[in-house]
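Inspection log for the structure reproduced underneath, given as structure tokens.
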Amino acid sequence: MAYPIICTTFGIMDAYRIPAPRIARVSELMARPGNKARASVTIARGLLDAADALAGEAGRSALIERALRLYLRHLMRRARHERELALLETHAARLNTAAARALADQAELPAE
């Protein structure tokens, strides 16, 4: 069975596509405990200042890590939902056809 490419958006970000088979791998990676790693990213100055103002004692890194974790969970939840919906729609068409045939085979009740 070919899995659809799931398209989702978050806020004002452009659509980000998650191939359905990759969802399990991303979920596995997020659940795995591990050491922290350095990452260099470019962020708008205003956004960085806002993060610093909110971060408090936990720090900027903790805030950004939490935001990324929430965003990835959002993408995965949405991708799973859309995949399940596609599967339901596929099966619904077949079940609706079978139900229509069954209804066509039924005898009509006489009027009272």
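Read-outs: derived from the displayed coordinates by stated rules, not from any lab. In this text the structure is predicted, and so the values were computed from the model without any measurement. Positions of Cβ are backbone-derived with ideal geometry, glycine not excepted, and every protein chain shown enters the neighbour counts.
Going by neighbour counts of Cβ atoms within 10 Å, the residues R78, R25, R38 line up, fewest first, as R38, R25, R78. Tilt of helix 60-105 relative to the longest C-alpha principal axis of the chain, in degrees (0 to 90, nearest 10)? Here the helix axis deviates by roughly 10 degrees. Non-local amide H neighbours of A20 (under 5 Å, H modeled in plane, Pro and chain starts lacking H): which ones? Here I6 satisfy the definition.
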